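Heads up: the structure comes next, in structure tokens.
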């Protein structure tokens, strides 16, 4: 198990600390928040959904490459260990979602869990916010999409299968590596790979459309895993798939660089050089339309590898993954009618 990630300085704070020797292990701190809103509108043309809900801020999974890390400094925390251990719970999330669904302006578009941090991270076992949010979606028959690394989702199989039957529900398991040793190096507290595939099997058997997200593709590390991952997903009942290239913006870069160097030192230079190759000499790309894809012959090989095997296996591109928002089928959304008293 890797040691806790260092904590890059908060760019909004003038205070920094330096430890002589190894810093102490970070303890879990949970903060409760009464949020003002729960639905986030996506304005990026790179993502295939418009609305998302995030019941938590920060993520215990501790994925070194997580693109959401730069959001934590807005809370006065760091993007490294703070992001993994100073976690915020939006205690009023279900009530806010119900209020949003009652507004006349809401027309029943798909709500994606979670656009930022994992809705099935370990905190969910106690707080059950994701389950309560799904109960609201079921009551209103609102379509749902879920992207997660958390095997805890199997707890809610009853709700998900009912949502798939009465509304629409699609679950995408994020599985970027074909071996657990690499997973432990870069996703130290996320669910083991085999558990995620087992969850996929159970979802498919229950009639819930499910798929796989190969994100991020890290050249020199997991790009060769593409055929095996797609094959395992198909065998587990997946119907859709998408992939996205690693991004290393802002505070993500030092966290990823340190974790990769500490956990996989013999592959560190090769991976970082490969990222530069696919990014035209840079380590990240912020421009719309270019953030999740690479450039050059090497990236073209990865794309062909994915497309060839996905097509062979009958896995369609996930419309809620990377890519522009696509038109949705007619909504199943329906506000519950008040129960009439018999007396």
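The values are calculated or read from the model by the stated rules, or taken from the named source; none is laboratory data. Bear in mind the structure is a predicted one, so any value in this text is a computation, not a measurement. FYI the Cβ positions are ideal-geometry reconstructions off the backbone, even for glycines, and counts take in every protein chain you see.
Quick check on this structure: which one of 94, 122, 104, 143 is at pLDDT 95 or above and touching a strand residue (DSSP E or B) at 6+ places or on another chain (Cβ under 9 Å)?
Working: 94 fails: touching a strand residue (DSSP E or B) at 6+ places or on another chain (Cβ under 9 Å); 122 fails: touching a strand residue (DSSP E or B) at 6+ places or on another chain (Cβ under 9 Å); 104 fails: touching a strand residue (DSSP E or B) at 6+ places or on another chain (Cβ under 9 Å).
The match here is 143.
If you go through the stretch 38-50 one residue at a time, do you hit one that is buried (at least 20 other Cβ atoms within 10 Å of the Cβ) and either farther than 24 Å from residue 247 by Cα or modelled with pLDDT of 95 or more (or both)? Looking through the stretch 38-50, at least one residue is buried (at least 20 other Cβ atoms within 10 Å of the Cβ) and either farther than 24 Å from residue 247 by Cα or modelled with pLDDT of 95 or more (or both). The residue list 148, 172 contains one member that is within 23 Å of residue 255 (Cβ to Cβ) and buried (at least 18 other Cβ atoms within 10 Å of the Cβ), which is 148.
If I ask for residues that are free of Cβ contacts under 8 Å to residues at least 24 places away in the same chain and under 22 Å from the mean Cα position of the chain (by Cα), which ones from the stretch 295-306 would you list? Please lay out each step first, then the result.
Of all residues in the stretch 295-306, those free of Cβ contacts under 8 Å to residues at least 24 places away in the same chain come to 295-297, 300-301, 303-304.
Correct list: 303 only.
Out of 62, 78, report the one residue that is at pLDDT below 95, closer than 30 Å to residue 184 by Cα and crowded, with 18+ Cβ neighbours inside 10 Å. Show your work before the answer.
Numbers: 62 fails: at pLDDT below 95.
Checking each option against the conditions leaves just 78.
Does the stretch 153-165 hold any residues that are surrounded by fewer than 21 Cβ atoms within 10 Å (Cβ to Cβ), farther than 19 Å from residue 98 by Cβ and in contact with a helix residue (DSSP H, G or I) (Cβ under 7 Å, 6 or more places away or on another chain), and which are they? Selection gives 154, 157. Filtering the stretch 90-100 to residues that are surrounded by fewer than 20 Cβ atoms within 10 Å (Cβ to Cβ) and in contact with a helix residue (DSSP H, G or I) (Cβ under 8 Å, 6 or more places away or on another chain) leaves 91, 98. Scan the stretch 103-112 and give yes if some residue there is assigned to a loop (DSSP other than H, G, I, E, B) and buried (at least 24 other Cβ atoms within 10 Å of the Cβ), otherwise no. Yes, the stretch 103-112 contains a residue that is assigned to a loop (DSSP other than H, G, I, E, B) and buried (at least 24 other Cβ atoms within 10 Å of the Cβ).
Checking the stretch 155-168 against the condition returns no match, with no residue being over 14 Å from the mean Cα position of the chain (by Cα), free of Cβ contacts under 8 Å to residues at least 60 places away in the same chain and assigned to a loop (DSSP other than H, G, I, E, B).
Filter the helices (runs of 4 or more DSSP H) completely within the stretch 192-294 down to those with at least 1 residues that are within 19 Å of the chain's Cα centre (by Cα) and free of Cβ contacts under 8 Å to residues at least 24 places away in the same chain.
Working: elements: 193-205, 226-235, 252-263, 265-278.
In the stretch 192-294, 193-205 are the helices (runs of 4 or more DSSP H) which contain 1 or more residues that are within 19 Å of the chain's Cα centre (by Cα) and free of Cβ contacts under 8 Å to residues at least 24 places away in the same chain.
From the list 70, 4, 8, which residue is modelled with pLDDT under 95, in contact with a helix residue (DSSP H, G or I) (Cβ under 8 Å, 6 or more places away or on another chain), surrounded by 22 or more Cβ atoms within 10 Å (Cβ to Cβ) and over 20 Å from residue 172 (Cα atoms)?
Just a single option satisfies the conditions, and that option is 8.
So that you can scan it fast, the table gives a plain yes or no per residue for (1) at pLDDT below 95; (2) in contact with a strand residue (DSSP E or B) (Cβ under 9 Å, 6 or more places away or on another chain); (3) under 30 Å from residue 153 (Cα atoms):
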site: 196; (1), (2), (3): no, yes, yes
site: 204; (1), (2), (3): no, yes, yes
site: 224; (1), (2), (3): no, no, yes
site: 227; (1), (2), (3): no, no, yes
site: 265; (1), (2), (3): no, no, no
site: 271; (1), (2), (3): no, no, no
site: 276; (1), (2), (3): no, no, no
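Filtered by the rule that a residue be surrounded by fewer than 20 Cβ atoms within 10 Å (Cβ to Cβ) and either in a helix (DSSP H, G or I) or out of contact with any helix residue (DSSP H, G or I) (no Cβ under 6 Å at 6 or more places or on another chain) (or both), the stretch 175-184 gives 179, 180, 181, 182, 184.
Could you list, in sequence order, the residues of the stretch 119-148 that are free of Cβ contacts under 8 Å to residues at least 40 places away in the same chain and outside any strand (DSSP E or B)?
The initial filter retains those residues of the stretch 119-148 that are free of Cβ contacts under 8 Å to residues at least 40 places away in the same chain, namely 120, 125-126, 128, 131-132, 134, 138, 144, 146, 148.
Listed by number, the residues that qualify are 120, 125, 126, 128, 131, 132, 134, 138.
The lone criterion from (1) within 26 Å of residue 316 (Cβ to Cβ); (2) in contact with a helix residue (DSSP H, G or I) (Cβ under 8 Å, 6 or more places away or on another chain); (3) crowded, with 20+ Cβ neighbours inside 10 Å left unmet by residue 116 is number (3).
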